Amino acid sequence: FSTSVWTDLIMSISMVLFTVELVALSMTDAQYLLSFFQLMDIIGTISMAFDISFLLGSKANELRLSEKHPGQSKVFLIRASRAARVGARAGRLTRVLRVCRCFLEFDDESKRPKKTPFEPLREEEQPSAKKSIAKVISVRLSNLLATRVAGLTIFLVMVMPLFDVMSFPQKDLALDAWVDQVSRANERDDASTIAELQKMAKFFSRHSHGPYAACSGRWVEPDEFHCEKYYQDWGQVNVEPERSASALLVHTRTFLVSFDMTRPVKVKAIVSLLSSLFTVVVMLFFGVALSQMVTDLAVTPLERMLGTVREIAATVFKFSSLMVGQEEDEGRLEDTTEIDNAGEMILLEKVVEKLAAIASVQTKSERVPRREDMDEEDLGVLTMLAGAKSIRSSIGSTSTDQEHSKQRDVYVRPTPLLNQEANGVDEDTFNSAAFYVYDLSPAQQNKLAVHVMLSHSSGAAVFKGDESDEALVARFVSGVQKAYPENPFHNFGHAVDVQAVIVTTMKLMEADKFLSNLEQFSLLVAGVGHDIGHLGLNNGFLSEVGHELAIKYNDKSPLENMHCSTLYQLLGKPETKLFAHLSPEDYREVRRICVEVILHTDMMCHQNMVKDLNLLYQMNSEVLRPSVAGSATTSRKSNWKRKTMKEQQTDPLTVFGSSENKMLVMDAIVHSADVSNPAREWSVTQAWADRCLDEFFAQGDQEKAQGLPVQFLNDRERLSRPNSQIGFIEFMIAPLFAAQIWLWPMLCEYGDCLSANIGSWEEQWEEQTLPSEEEAEKVRSRVAEVQDMLSRASL
């Protein structure tokens, strides 16, 4: 490499190839024009001229003159342009990947299966509108990569000049200083010149570079020095380098000294190699980072989504086979093969088709044929196929609603409003979160329950409308009150409180628009009797000790089953037979509702209920989305009117009144009323919590006495009351009420109280336990998450 031929050849070929690529891309790719990648390619290609000797580069066999003005050096420009070129190469990698993908997706037409005339278009043949999402993702990824590549380029431009430190010997001002000093000595006489040359030789003998020749003469413009007299034997250590490019000529107007820079040139070459390696390492690092970023941004979510699509497809195909009746082994094998081999877009289409088939079959199975033209034999066949209970329920539902509407028109019992003197509570307090049932005496609680059942408009479905109704209700309520033991929590006061919350909740959610009078009155009866005969113990304890109720009901909700049985034993007595005037169909409907909602007060049903309520909202989110944006206060206090974004007319109340959702709604009304104590004003919530924990502690005392493991909430010696309430609200109550508030925004007052109360419990916990800052911060974070969840639901 004593000449520049091979270097120039390689660099020239590279520059030509880069130029051709630049022109070709500019002519064929509209997105490439004036883009970041085009700019980087132009700069990188032009910078190669500084590496070609016959353009702007230096020749290997040409002596180099020192630069009197270092600021005019092109080193920094070259470094920056090369860094820009590296950035352009990195950007081009994205296009290489796209080209590779095109080759991988290339498929010979002869190998593709022939389409029938009625076969749908393949995905690649679909209109471009269907690929808009892919284009959006592609644009986002391109922008992301361009941004990162720009950052990489800037980083390299800033870092690469640091490697120029190794070029210090060539830019050492000592070389110019010694030559200037020798030149001034030469103006006096030769002896002075030799003396200065010897001093200079001695000075550079300690360095890896130094002078090897000196001469006096004159400078000829523009860049040539003519030597007239050479100086020999002045103590020089260095010799002339084998490679002329390793020599550096430093001169003044009248004197020139030649320096041997072989060692610095080699060091500089090594540094250049290290800088290249550094660039490669940085590129690899950025490549891995970009790859991970793209994976996190698009690939991982897409893989997860497509995996879910396949799982759903497998489930739907299996379920649809059972529903539609695909019993042939060959058909099932074909479906399995399609799931394994088909693309996800095709699977989505098939899933929709299968779901349509399932919906069609399900609709056909649930549709009740017209019965007017049927004889008894046909009705008997339907009863045998669907079950007598199902036919009777569907038969009775229509007639029941019609009868209720008629009763509502002809009978409304005039009942005075609650007042403090007569009832112990006024109407406003009764309908608020400040109502505390134990402010009333037992007699007043009894009277309040009677008032609620007589005054509610749903009584039109049950009562005759004469004076005997009040006596009947009074006897029933008194019978219920006597059946409640004197437990700290599960007593008659709790039953009256639950009934009151049911009334308030149904009023807020406008339940009269989607629940019949009979259904609403059933909830009032279930509310006052849902814990009748409660033992003050939970189901786990009864099963643990082998209580007769656990044995009788096989450990399946023994208390709730007992409550249903006890309530209906009372309702079966002649003097407390509330439903004596109902038709057999209506009576069965009332019993079904009461039993269902009471059984769902078992906390074992809680999580599934929360899940179902959230699913109900998600499945109908368009219908339940607020139609008018406004402040939280305005939207929450105004009448609840919502509609779909497409039709702008669908009433969300039809969602709650549908046959598949109505039972869930009624279960949620009673269950949320049963556990609504944390959703009251702080003083009321605190009093209820004390009662609940006192009952838990009483059970814990029995567990200790019988040598049983004491459940944590039942241990009066270990339990922190405030902390137990924080967990109870966080894990049980807040998710339930948040799900309900999403469905019924007017229940937001419960969410406000829950949010405030969990904050009060957290403050009380800190005051009582004096936790460390780390522990306190963890609890505060939990509380903040609950409050945020409730706030988002309320908005």
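The values are calculated or read from the model by the stated rules, or taken from the named source; none is laboratory data. The structure displayed is predicted, hence computed values, not measured ones. Neighbour counts run over all protein chains shown; Cβ positions are idealised from the backbone, glycine included. Keep in mind that these areas ignore ligands, DNA and RNA; they rest on the heavy atoms of the full protein, side chains included. Shrake-Rupley method; radii C 1.70, N 1.55, O 1.52, S 1.80 Å.
Below, the figures for the structure above:
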item: Shape category assigned to the range 429-566 from the gyration tensor of Cα positions, a/c cut at 1.5; result: prolate
item: Accessible surface of the range 654-795 [probe 1.4 Å, protein heavy atoms]: carbon and sulfur percent; result: 51
item: Distance between the range 200-276 and the range 729-749 - C-alpha centres, whole angstrom; result: 87
item: Sites residue 471 and residue 694, calculated FRET efficiency, Cβ-Cβ separation with R0 51 Å, nearest 0.05; result: 0.90
item: Ranked by how many other beta carbons lie within 10 Å on average, peptides 731-738, 200-207, 507-514 from highest; result: 731-738, 507-514, 200-207
item: Above-threshold pairs, the threshold being 22 Å between Cα atoms, out of 573/662; 464/573; 507/662; 464/662; 556/577; 482/556; result: 573/662; 464/662; 556/577; 482/556
item: Listed peptides 256-269, 20-33 by packing density, highest first (mean Cβ within 10 Å); result: 256-269, 20-33
item: Protein accessible area in the range 419-461, 1.4 Å probe - carbon and sulfur %; result: 48
item: The range 691-789: C-alpha gyration tensor shape, a/c 1.5 cut-off, then a/b vs b/c; result: oblate
item: Segments 684-696, 463-475 sorted - mean Cβ within 10 Å per residue, highest first; result: 684-696, 463-475
